[in-house]
Amino acid sequence: MNTASSVDSFTCPEFLGMERTIIDDFVDCTREACEEAEACVKELNNDGGTAYVHRLFRAMHSLKGNCQMVGLTPFVELLHRVEEIVARVRAEQAPYFRELGEFLLLAIDEVEDLLNDLIANGSTSDVRRKKLYELCDALQKSGNQDFQPQQFKDAIALLDGKVSSKEASGKAPKVLLELQDDMLMMHRFAQQIDHLSIYRKNRSEQAAQLTQSLNEALGFPVDARQLEAASLMHDVGMSFIPHSIFNKEGGLSREELKIVQEHVVTGSQMLLRFGGWDEAARIVLDHHERYDGYGYPNGLKGQEIHAGARMLAIVDTFCSITNERSDRSYKRSLLSAISEINANIESQFDPRMVEMFNDVVRKLIARQ
């Protein structure tokens, strides 16, 4: 794990650089484990019996295992300490009482809050993580015989005191001068462009998922990470277009159209300046080229167009058709979208890729 240089925070580029679907799966599984642990504590507080202690241990073990699977080592170490408290109760080496359960709920909330902070902001507080770790470690060491309610009352007070003092201070969190993970920044850029219009609604993320599915169906002719980067960044250049043109209803003038077309150059230049994303930059530059050679910016034809750009052109059109627009107040169906794409094979799109995209959409319809 690569940690941030600041002693007050840490990050995990390996985790944050994973595919968004993996991070989303991790979030879902983590939330389920936390909800299960909370449900067990509530039942135990109502004399639920030892079965709920076993379920609580499994939930904590799952939470730790989830973090281990994605390389979040600092959280694994922390959750191991929390798990050890439950393990002693499970082995009947210590009694369960309400104060212990309340501490566990606070600990779970703190872990979930730190994970959400890491995912949302690219780093999180190492001070808070260490504080919770030290509290759990101290409870373990002082509980060689039996846990005592007062120990957990004191620990709860320390956690609550920490939260209260943080809220009372009213100070904004410290902004760190550090270079964030490229893919994390690309996801943020994509979210920003999608927020510029009510008609985009996570369109960049949707495009990234569909291009990855098409790439997989074609046998991965394009590097998956380069394609994901291009899918996220392909419309970021649109953010530099004047608002009056970006959200204009009706047709564009010739001059306005030229301004819009510049977005592929802007997006590709941004990727080149990141460094290490040359292929993604080429995909962004080419994604408005047409299979018949009448696209822009270079009038490329057929196989001259990068394979990733040929995929992205199909997906971008599909997303455009199926999302609401200012001149179309309803969403068109997946079938009507794919029909329009099929009607433009060989002129606008690569026929073989369209054929494979048909399979991707069929699977999407089946899942829905």
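The values are calculated or read from the model by the stated rules, or taken from the named source; none is laboratory data. Keep in mind it's a predicted model, so treat the numbers as computed, not measured. When we count neighbours, we look across all protein chains shown, and the Cβ atoms used for this are built from the backbone with ideal geometry, even at glycine. Note: areas computed on protein heavy atoms with side chains; ligands, DNA, RNA excluded. Shrake-Rupley method; radii C 1.70, N 1.55, O 1.52, S 1.80 Å.
Just a few scattered comments:
- Residue within segment 271-288 that is at pLDDT 95 or above, open to solvent by 10 Å² or more (accessible area, probe 1.4 Å) and in contact with a Phe, Trp or Tyr (Cβ under 7 Å, 6 or more places away or on another chain) present: yes
- Selected residue (only one of Tyr52, Tyr96 is open to solvent by 20 Å² or more (accessible area, probe 1.4 Å), assigned to a helix (DSSP H, G or I) and aromatic (Phe, Trp, Tyr)): Tyr52
- Taking first residues from segment 140-164 that are open to solvent by less than 60 Å² (accessible area, probe 1.4 Å) and partners that are at pLDDT below 80 and of a type in the set (Ser, Thr, Tyr), the Cβ contacts under 7 Å between residues at least 6 apart in sequence or on separate chains come to Gln151/Ser142.
- Those residues of segment 304-324 which are crowded, with 18+ Cβ neighbours inside 10 Å and either acidic (Asp, Glu) or not in a helix (DSSP H, G or I) (or both), in sequence order: Ile305, His306, Asp316, Asn323
- Scan of segment 213-256 for residues that are open to solvent by 80 Å² or more (accessible area, probe 1.4 Å) and of a type in the set (A, V, I, L, M), ordered by number: none
- Residue list for segment 16-31, filter: without any contact (Cβ under 8 Å) to a residue 24 or more places away in the chain and open to solvent by 70 Å² or more (accessible area, probe 1.4 Å): Asp25, Asp28
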